[in-house]
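The values are calculated or read from the model by the stated rules, or taken from the named source; none is laboratory data. Everything quoted here is computed from the prediction, not taken from an experiment. FYI the Cβ positions are ideal-geometry reconstructions off the backbone, even for glycines, and counts take in every protein chain you see. We work out accessible area using only protein heavy atoms, side chains counted, and drop any ligands, DNA or RNA first. Shrake-Rupley method; radii C 1.70, N 1.55, O 1.52, S 1.80 Å.
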Amino acid sequence: MRKTVRVLLCMVWLVLCAALPAFGAENAPHVTAETTMAQLRANPAIQGTGYYTYCREMTPLMVERWKNKTLHDYFGNTDRESGIAALNLIIDNYNKGVKVTYQVYTPEEIEQNASLGCVQLFYYPAETPNAKTAIVVPGNALTVTSEMGEGGSTAYELHNRGYAVFVLRYRTFLDLGDNAPLEDLARAVQLVTSLDEELSIQTQDYALVGYSSGGQLVGVFANRERGYGHYGAAKPGALLLAYPVVNFSEVKVAYRMFMDAGNYGWRYYCSSVAELVTDDYPPVFFWYGKDDKVLPWMINQVQGPALQAALETHKVPYVMKVFESAPHSIAVGYTTDAEGWLTDAVAFWEQQTAA
């Protein structure tokens, strides 16, 4: 009798243990514009998924400075609404038991090289099966990448349009040596394309959405020899680029000296995307603003104008838009002249991959 009771109690305990994540997930509350960064990071869904939220904190002092700031402060006007909605979508998916965070590298690889642990994909599933897939590659400000702003806001808007979306967190700053971010992107694409059946997504002709330096990374990856072909990854169906860095210009020297010292082979950041455009390059939608303060600093003529000329020369389908008022780092661009660019970019992607 006692044995039977113990067995029954064990069975009840196992059932309760299995249910605990679901019960905990139901308690994860939504966030608002008044939620502080400390409160966001204490949210069970953010902790449970490991979703990365340190996108402005370039130093420990900045971590301290931002922790009591609200999401209203953290996001800019151009991506606040979509960025906060993206966080709530993450929370909803966690509450439903949907896997949000995918490690791009294996545990064995991470054990050998701890820097690989930060390379992650954050998943925003579509509402319906067999949705087309986009991978968002945010820009970076040396030590941090913009998963919440450029990444999350874009993912939410694409999710609303019926797409499955992944946002990539990749290695940067002192870990970018030996073409690490390019390898991270290649491995991310390989992982995503391996999940099509498991997640009921359509990865053929996937789109790569790249911002700023993430746009340069995407542009290099789209070259068969240096990018997707070299790594044995699937070719993207289209590139959708917002204020992309086409050529790092003088910055190349700093990258080589301080973040890739002692290595003298080919490096992704040394390449001009314009020089990597070939006849079989994927279709490209890209834009930048006339009041962008970053691109002219790296010589404006080797940025968007050079990319346009290369696409023309190789007869690659493209759309280029130049806005009067659309500064750097504005993501989806609400309240600027670039508002709606993502709608036009998605239409271009659909048109180019319709066949």
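Points to keep in mind about this one:
- Within the range 331-350, the set of residues being open to solvent by 70 Å² or more (accessible area, probe 1.4 Å) and at positive phi comprises just one member, Thr335.
Rundown of residues vs (1) in contact with a Gly (Cβ under 9 Å, 6 or more places away or on another chain); (2) part of a helix (DSSP H, G or I), yes/no style:
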position: Leu40; (1), (2): no, yes
position: Glu57; (1), (2): no, no
position: Leu61; (1), (2): no, yes
position: Glu64; (1), (2): no, yes
position: Leu87; (1), (2): yes, yes
position: Asn93; (1), (2): no, yes
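- Inter-residue pairs, beta-carbon under 6 Å, first closer than 22 Å to Val346 by Cα and in the range 263-285, second open to solvent by 20 Å² or more (accessible area, probe 1.4 Å), 6+ apart: Val277/His314; Pro283/Pro317; Pro283/Gln352; Val284/Tyr318; Phe285/Val319
- Among (1) surrounded by 20 or more Cβ atoms within 10 Å (Cβ to Cβ); (2) in a loop (DSSP other than H, G, I, E, B), the one test that His328 misses: (1)
- Residues of the range 119-132 satisfying the condition of being open to solvent by 30 Å² or more (accessible area, probe 1.4 Å) and free of Cβ contacts under 8 Å to residues at least 60 places away in the same chain: Glu127, Thr128
- Check on Lys293, on the phi > 0 side of the Ramachandran plot, assigned to a loop (DSSP other than H, G, I, E, B), basic (Lys, Arg) and surrounded by fewer than 22 Cβ atoms within 10 Å (Cβ to Cβ): no
- Evaluation of Leu158 against (1) farther than 28 Å from Ala310 by Cα; (2) open to solvent by 10 Å² or more (accessible area, probe 1.4 Å); (3) touching a residue at least 12 places away in the same chain (Cβ under 8 Å) (one fails), failing number: (2)
- Ile110 vs. criteria in a helix (DSSP H, G or I) and not polar (S, T, N, Q): yes
- Taken as a whole, the range 161-171 holds no residue that is in contact with a Phe, Trp or Tyr (Cβ under 8 Å, 6 or more places away or on another chain), open to solvent by 20 Å² or more (accessible area, probe 1.4 Å) and at pLDDT below 95.
- The range 185-288 holds helices (runs of 4 or more DSSP H) entirely within its bounds, and those carrying 3 or more residues that are polar (S, T, N, Q) map to 212-221.
- Unique match (being at pLDDT 95 or above, touching a helix residue (DSSP H, G or I) at 6+ places or on another chain (Cβ under 9 Å) and either within 24 Å of Ala86 (Cβ to Cβ) or not small (Gly, Ala, Ser) (or both)) among Thr313, Thr343, Thr336: Thr343
- The range 228-255, residues that are at positive phi and either at pLDDT 95 or above or touching a His at 6+ places or on another chain (Cβ under 7 Å) (or both): Gly232, Tyr243
- Those residues of the range 80-94 which are open to solvent by less than 60 Å² (accessible area, probe 1.4 Å) and of a type in the set (D, E, K, R), in sequence order: Arg80, Asp92
- Screening the candidates Gly139, Gly50, Gly97 for the property of being buried (at least 24 other Cβ atoms within 10 Å of the Cβ) and at pLDDT 95 or above yields one hit, Gly139.
- The lone criterion from (1) part of a helix (DSSP H, G or I); (2) modelled with pLDDT of 95 or more; (3) open to solvent by less than 30 Å² (accessible area, probe 1.4 Å); (4) out of contact with any His (no Cβ under 9 Å at 6 or more places or on another chain) left unmet by Tyr102 is number (1).
- Against the list (1) closer than 27 Å to Lys132 by Cβ; (2) more than 24 Å from the chain's Cα centre (by Cα); (3) not in a loop (DSSP other than H, G, I, E, B), the condition Glu312 fails is (1).
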